């Protein structure tokens, strides 16, 4: 199973995503802000990053752009997990370099299916 | 608004006579007095320009040969000054002095008269030039009024844009802030329901169901508000030819249990012959579902809801008739306005919507070149009529994408955990 880094500032949602990923057999790393998330990504090389977009300080869009511009982290899929679900949000988020997009509130089956799809894509 | 040119009417035109010879000036005054003009005089060019500093005559009769400034110089000054350049000038020249006439016209004078002045000619030329001047004045006043109106309109538009931006910002923040806790609420509910945290007893299952319904309602509410504010992602309408009867029976199947639970009879009378509508299949069903569930909500026990379909002059008409509470005549159009619910007290809390369903349904119907209307008698019942363009047969209407409408039922794409 895969190692997934969750970058999320809301504790309840962090615990929820962690639980869902662990229940599907993945191991989970967590960061509650973008800077910590970037450091962890470089050091730990997870199989995937789940990125909240609205974060304190540096936001998820900027963090994604940094990951995608760095050769050491470029190939790690970044999936946005965000409550930004209005017109244009998904396009904006994908334009910033996110490989996938999941809107909150998440449906756990869709959530795990999306994660699985991107993990498969990344390994093939 | 009053006519901006009306202030110009009914005021006697004012004519300035500039001549150094008092006798000439008096003669001109005699000739013009019967015409009803207000006559002013100046005995030199300098006098005339001084007078023009605070007077605005409608026409100037200007002698050429004067001591000091001559008529050409005065005419040039008048035509150069922005406050006087619109005043028509008639030069008074010696008979057959072509050179003088050319100099006068070149200085900017509109016309000339030769001395001795002929009264009839003087009056006609003066009248003509005054008429032209009044047209010009009216045009300038109208132009100024237009400029003011344009400025006001652009200011109003700017204010509206600011207000609209503030609204968008607010809704954006609201959407994000509400979705964040909703994610945790519905996510943990699902975890509990799955029994992962331990065995859930039947009473707890019921409670969890209530939490799920409430969060689903909250999500729908957020999405409906964004839809109405046109802030949701657009899904273009996919217009195809749709057989109407199957849609009716599908809606019947979806609503029959709910109707029975409320003690209502739901009857769907399909059209005798097969009819086809040009519509987006999903939207068509969404509108009908909204109409039937509304009818169920607003019809007291033992009442009935009848759904019928027919075709008439190029349109398919689907009617949803109930024996419900109806609405007052003045509320017939109001029910289609966003956030309006006419009879809240009749619905239980769990059934209550936000009053966006009919508003969205009508917009969708109109986007598909149809309409949604209501006829109602208070206390007797309501009949909603959905009209959609008829499609003659299946092959007649190839699928068409209509991107004009920026609407969608957003819950479908990112269905919440509770839905």
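Observations on the model:
- For the stretch A:49-61, the count of residues that are at positive phi, away from chain B (no Cβ under 14 Å), modelled with pLDDT under 95 and surrounded by fewer than 22 Cβ atoms within 10 Å (Cβ to Cβ) is nonzero.
- Test: residue A:36 is away from chain B (no Cβ under 14 Å), at pLDDT below 95 and either in a helix (DSSP H, G or I) or more than 27 Å from residue B:221 (Cβ to Cβ) (or both): no
- Just one of the listed residues (B:103, B:92, B:61) is touching a helix residue (DSSP H, G or I) at 6+ places or on another chain (Cβ under 8 Å), modelled with pLDDT of 95 or more and closer than 23 Å to residue B:124 by Cα, namely B:61.
- Residue within the stretch B:130-148 that is modelled with pLDDT of 90 or more and touching a strand residue (DSSP E or B) at 6+ places or on another chain (Cβ under 7 Å) present: yes
- Against the numbered list (1) more than 30 Å from residue B:316 (Cβ to Cβ); (2) at the interface with chain A (Cβ under 10 Å from one of its Cβ atoms); (3) under 36 Å from the mean Cα position of the chain (by Cα), residue B:223 comes up short only at (1).
- Screening residue B:54 on (1) surrounded by 17 or more Cβ atoms within 10 Å (Cβ to Cβ); (2) free of Cβ contacts under 8 Å to residues at least 40 places away in the same chain shows it passes everything except condition (1).
- Filtering B:177, B:193 for residues that are more than 10 Å from every other protein chain (Cβ to nearest Cβ) and within 23 Å of residue A:81 (Cβ to Cβ) leaves a single hit, B:193.
- Within the stretch B:25-45, the set of residues being touching a helix residue (DSSP H, G or I) at 6+ places or on another chain (Cβ under 6 Å), surrounded by 19 or more Cβ atoms within 10 Å (Cβ to Cβ) and in a helix (DSSP H, G or I) comprises just one member, B:45.
- Residue B:158 vs. criteria farther than 25 Å from residue A:52 by Cα, surrounded by 10 or more Cβ atoms within 10 Å (Cβ to Cβ) and either touching a helix residue (DSSP H, G or I) at 6+ places or on another chain (Cβ under 9 Å) or touching a residue at least 24 places away in the same chain (Cβ under 8 Å) (or both): no
- Taken as a whole, the condition of being in contact with a helix residue (DSSP H, G or I) (Cβ under 9 Å, 6 or more places away or on another chain) and either in contact (Cβ under 8 Å) with a residue 12 or more places away in the chain or not in a helix (DSSP H, G or I) (or both) applies to residue B:189.
- Members of the stretch B:364-382 that are over 19 Å from residue B:331 (Cβ atoms) and surrounded by fewer than 20 Cβ atoms within 10 Å (Cβ to Cβ): B:366, B:367, B:369
- Subset of the stretch A:109-124 that is in contact with a strand residue (DSSP E or B) (Cβ under 8 Å, 6 or more places away or on another chain) and within 12 Å of chain B (Cβ to nearest Cβ) - its residue that is surrounded by the fewest Cβ atoms within 10 Å (Cβ to Cβ): A:110
- One residue alone among B:248, B:288, B:266 is over 38 Å from the mean Cα position of the chain (by Cα) and either part of a helix (DSSP H, G or I) or within 28 Å of residue B:323 (Cβ to Cβ) (or both), and that residue is B:266.
- Identity of the residue in the stretch A:89-108, at the interface with chain B (Cβ under 9 Å from one of its Cβ atoms) and in a helix (DSSP H, G or I), that ends up modelled with the lowest pLDDT: A:108
- Some residue of the stretch A:21-30 being within 14 Å of chain B (Cβ to nearest Cβ), more than 14 Å from the chain's Cα centre (by Cα), without any contact (Cβ under 8 Å) to a residue 12 or more places away in the chain and not in a loop (DSSP other than H, G, I, E, B): yes
- Tally of residues being closer than 18 Å to residue B:387 by Cα, free of Cβ contacts under 8 Å to residues at least 60 places away in the same chain, out of contact with any helix residue (DSSP H, G or I) (no Cβ under 8 Å at 6 or more places or on another chain) and not in a loop (DSSP other than H, G, I, E, B) across the stretch B:302-326: 4
- Of all residues assigned to the stretch A:67-75, at least one qualifies as being more than 14 Å from chain B (Cβ to nearest Cβ), in a helix (DSSP H, G or I), touching a helix residue (DSSP H, G or I) at 6+ places or on another chain (Cβ under 8 Å) and buried (at least 16 other Cβ atoms within 10 Å of the Cβ).
The values are calculated or read from the model by the stated rules, or taken from the named source; none is laboratory data. Quantities reported herein were computed from a predicted structural model and do not represent experimental measurements. For neighbour counting, all protein chains shown are included, and Cβ atoms are generated from backbone atoms with ideal geometry for every residue, glycine included.
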